[in-house]
1. Taking the conditions exactly as written (touching a residue at least 24 places away in the same chain (Cβ under 8 Å), open to solvent by 40 Å² or more (accessible area, probe 1.4 Å) and under 19 Å from Lys2 (Cβ atoms)), does Gly74 satisfy them or not?
2. Filter the range 286-322 down to residues that are acidic (Asp, Glu) and free of Cβ contacts under 8 Å to residues at least 40 places away in the same chain, then give me how many there are.
3. Would you mind listing the helices (runs of 4 or more DSSP H) fully within the range 299-375 where at least 2 residues are within 18 Å of Pro174 (Cβ to Cβ)?
4. Considering only residues that are open to solvent by 10 Å² or more (accessible area, probe 1.4 Å) and in contact with a Lys or Arg (Cβ under 6 Å, 6 or more places away or on another chain), which ones fall in the range 77-89?
5. I'd like to check something: does the range 213-230 contain any residue that is in contact with a helix residue (DSSP H, G or I) (Cβ under 9 Å, 6 or more places away or on another chain), modelled with pLDDT of 95 or more and of a type in the set (Ser, Thr, Tyr)?
6. Considering each of Phe146, Phe192, Phe170 in turn, give the residue that is crowded, with 20+ Cβ neighbours inside 10 Å, closer than 28 Å to Gly293 by Cβ, aromatic (Phe, Trp, Tyr) and under 19 Å from the mean Cα position of the chain (by Cα).
7. When both residues are 6+ apart or on different chains and their Cβ atoms are under 8 Å apart, which pairs have a first residue that lies in the range 28-49 and is acidic (Asp, Glu), and a second that is buried (at least 16 other Cβ atoms within 10 Å of the Cβ) and at pLDDT below 75?
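The values are calculated or read from the model by the stated rules, or taken from the named source; none is laboratory data. Keep in mind it's a predicted model, so treat the numbers as computed, not measured. In this analysis, Cβ positions are derived from the backbone assuming ideal geometry, glycine residues included, and neighbour counts consider all displayed protein chains. When the accessible area is computed, the model is the full protein with side chains, heavy atoms only, and any ligands, DNA or RNA have been set aside. Shrake-Rupley method; radii C 1.70, N 1.55, O 1.52, S 1.80 Å.
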Amino acid sequence: MKGLFIWACSYCRSTFGLYRELIGQLGVPACIGLWRIGENTLRTAVGFSGSEFDDLPIVEVGENLGRGLKLLDGHPGWNHLFCVCQASPVFRKLAVEAKRRGCGVGVMCEAPCNMFYGWRRAAKAVYLRTLLPHRMKEVVKAADFFVNYSGDGTDAAAMAGWPVDKILPFGYFPPPIAGSKCVRRTAPGRPFTILATGIMSRHRGADVLVEALRRLKERGVEYRAVITQNGELLETVRRKAAGCGLPVELPGFVAIEELIKLYETCSLYVACGRDEPWGMRVNDALNCGAPLGVSRGMGGVQLVDRYGCGFAFSRADAADLADKLERAATDGDYYREIAGNAFKAAEAISPRNKAAELIAVIEKRRPGWMKGAGR
């Protein structure tokens with residue numbers, strides 16, 4: 001490999017830690033081209049460092065075909081990873097052009113996901129079945145493989161036209177939040193503290209959690225719950241929690257220092273997504289040692305399936321979630337097992353380990369593509 005060009009979606013800690021490790025472990029010249037420009041302010045607004053990835057070779061591309069073609073011209077014979085294709089006509093054209101020039105081409109991004117409701121959901125479903133496969137046809141043909149940021153499932157990727165033999169299951173594996181630490185849990189805690197974070201949009205399912213908490217109270221299970229952030233479901237959740245007398249705290253947006261403290265001290269972290277490609281907040285909690293409860297509507301359920309670091313529950317199923325929360329809160333041996341697995345999993349999902357795993361998988365599935373790795 002003469003060099004690696006990563007055509008990235010945005011300046012985002014969900015992927016840039018992995019890109020840094022890929023570049024370092026491959027030991028070849030590299031460049032990262034950004035599609036979304038000027039988004040770094042969104043990261044700093046919520047407390048993340050604006051200089052975390054200043055060491056990386058980043059250039060701005062945007063939806064600018066001429067700029068992209070010049071970058072192809074300036075890096076002849078390099079291999080290319082395109083991390084945004086569904087949303088970018090320009091990056092789709094560049095992927096096809098790179099292949100025409102004889103370069104190695106891979107795609108790394110989320111599989112299609114329908115997070116809408118009502119008529120928008122119906123319209124998106126039609127788009128996913130009809131227009132998207134047409135748009136992606138030439139890219140699918142050009143690509144040597146598709147690294148699926150949405151976890152282990154293949155159905156959604158296949159909907160976009162990807163043949164199963166090109167799909168490499170993967171996910172999002174950011175570094176721990178700066179300033180956080182991994183804390184080993186040895187007991188459920190009293191009270192058993194349940195944490196959920198993330199903007200309260202319908203597709204993230206905070207209403208599913210509050211219904212499960214209502215059931216726990218009816219059963220006499222002692223707990224404390226903290227559900228952070230604001231959003232469309234906040235008032236629904238607030239009214240139900242107050243009406244049922246639930247021990248639920250709704251602090252709204254919390255500063256990054258407080259968020260880290262919550263991740264490090266909760267007994268269990270719950271993610272209730274109905275339809276989410278992954279759910280990076282699950283990684284943030286696990287990186288702080290928290291065992292997990294993850295909905296099967298999320299790609300991030302891969303973490304509990306692979307590492308036994310918590311439990312999975314059926315999508316939008318409050319009864320199933322309540323049953324599994326009750327076991328975690330009341331069965332000490334079970335809790336210590338999943339908590340121990342969570343502590344170990346935090347190291348397993350580091351960008352360093354996941355980059356090495358990805359290099360090995362690509363080399364196994366497409367021998368020679370990663371030639372030069374580690375040299």
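1. Values: touching a residue at least 24 places away in the same chain (Cβ under 8 Å): no; open to solvent by 40 Å² or more (accessible area, probe 1.4 Å): yes; under 19 Å from Lys2 (Cβ atoms): yes.
No: the conditions fail for Gly74.
2. Just the residues of the range 286-322 that are acidic (Asp, Glu), to begin with: 305, 317, 320.
Checking the rest, the ones that are also free of Cβ contacts under 8 Å to residues at least 40 places away in the same chain come to 320.
The total comes to 1.
3. Working: elements: 302-307, 318-330, 332-348, 351-365.
The helices (runs of 4 or more DSSP H) meeting that bar are 302-307, 332-348, 351-365.
4. Gly77, Trp78
5. Yes, there is a match, as at least one residue in the range 213-230 is in contact with a helix residue (DSSP H, G or I) (Cβ under 9 Å, 6 or more places away or on another chain), modelled with pLDDT of 95 or more and of a type in the set (Ser, Thr, Tyr).
6. Details: Phe146 fails: closer than 28 Å to Gly293 by Cβ; Phe192 fails: under 19 Å from the mean Cα position of the chain (by Cα).
Exactly one of Phe146, Phe192, Phe170 is crowded, with 20+ Cβ neighbours inside 10 Å, closer than 28 Å to Gly293 by Cβ, aromatic (Phe, Trp, Tyr) and under 19 Å from the mean Cα position of the chain (by Cα), namely Phe170.
7. Correct list of pairs: empty, since none qualify.
Yes/no matrix, rows are residues, columns are (1) among the β-branched types (Val, Ile, Thr); (2) in contact (Cβ under 8 Å) with a residue 24 or more places away in the chain; (3) exposed (fewer than 13 other Cβ atoms within 10 Å of the Cβ):
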{"site": "His203", "(1), (2), (3)": "no, yes, no"}
{"site": "Leu209", "(1), (2), (3)": "no, yes, no"}
{"site": "Leu213", "(1), (2), (3)": "no, yes, no"}
{"site": "Leu216", "(1), (2), (3)": "no, yes, no"}
{"site": "Leu233", "(1), (2), (3)": "no, yes, no"}
{"site": "Arg239", "(1), (2), (3)": "no, no, yes"}
{"site": "Gly252", "(1), (2), (3)": "no, yes, yes"}
{"site": "Ile256", "(1), (2), (3)": "yes, yes, no"}
{"site": "Leu259", "(1), (2), (3)": "no, yes, no"}
